[in-house]
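K.L.:
Got a structure for you, questions after.
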Amino acid sequence: MTETQLKWLGYGGALLLAIALGFAAAWFWQANAYKAKLAGQDAAHQSDLTTIANAAAAQSRTALEKQQQAEQALADLDTKRTKEKADALAENERLRRDVADGNRRLHVAGTCRSGGGNVPQASSTTSLGDAGTVELAPTAGRNVFDIRAGIIADQAALKTLQDYINTSCR
């Protein structure tokens, strides 16, 4: 090879080396730019995740507070209705004891019409009118109080269910 060719070969090699160094520099420059961009995106992503987590925690706290308030309202309602039922049943039992002890009497108001039922038709224009009151037998009186106790329990259950629906199912 001649000296000129060697010279040109040296320039070509130097040029190739310069191009390779330029590519390497551009590559590193671009890599640093991408690293910075990715770091910024990562920070923004972490910030978004923190915001979402804080919002979810706030919603969870609010939901828990609402649930606790609803549970307390239902507990208060249950206490109120249980007391009302117990009071009504105690009154019923007091009335039952008074009738059993003879302190009270259980009477049923009634009327008898001359043309109805087992009462024979009167031959005159007068009627029997108000028959006054009829006293029940002791067994029948106890049965009336048993029925009344069932009614009290049923009404208490219905009131409790209505209040539950009005409180919980809004």
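K.L.:
Being surrounded by 12 or more Cβ atoms within 10 Å (Cβ to Cβ), modelled with pLDDT of 90 or more and touching a Lys or Arg at 6+ places or on another chain (Cβ under 6 Å) narrows it down to one of 156, 149, 88, so name that one.
P.N.:
Being surrounded by 12 or more Cβ atoms within 10 Å (Cβ to Cβ), modelled with pLDDT of 90 or more and touching a Lys or Arg at 6+ places or on another chain (Cβ under 6 Å) holds for just one of 156, 149, 88, which is 156.
K.L.:
While we're on this one: If you scan the stretch 124-139, which residues turn out to be within 21 Å of residue 97 (Cβ to Cβ) and either out of contact with any strand residue (DSSP E or B) (no Cβ under 9 Å at 6 or more places or on another chain) or at pLDDT 90 or above (or both)?
P.N.:
Passing the criteria: 137, 138, 139.
K.L.:
Given the criteria assigned to a helix (DSSP H, G or I), at pLDDT below 95 and either within 20 Å of the chain's Cα centre (by Cα) or not hydrophobic (A, V, I, L, M, F, W, C) (or both), does residue 59 qualify?
P.N.:
Criteria not met by residue 59.
K.L.:
With the condition kept exactly as written, say whether any residue in the stretch 59-70 is surrounded by 10 or more Cβ atoms within 10 Å (Cβ to Cβ), in contact (Cβ under 8 Å) with a residue 40 or more places away in the chain, under 30 Å from residue 146 (Cα atoms) and of a type in the set (A, V, I, L, M, F, W, C).
P.N.:
Checked against the condition, which is being surrounded by 10 or more Cβ atoms within 10 Å (Cβ to Cβ), in contact (Cβ under 8 Å) with a residue 40 or more places away in the chain, under 30 Å from residue 146 (Cα atoms) and of a type in the set (A, V, I, L, M, F, W, C), the stretch 59-70 yields no hits at all.
The values are calculated or read from the model by the stated rules, or taken from the named source; none is laboratory data. Just so you know, these numbers come straight off a predicted model, no measurement behind them. Virtual Cβ from ideal backbone geometry, glycine too; neighbours counted across all protein chains shown.
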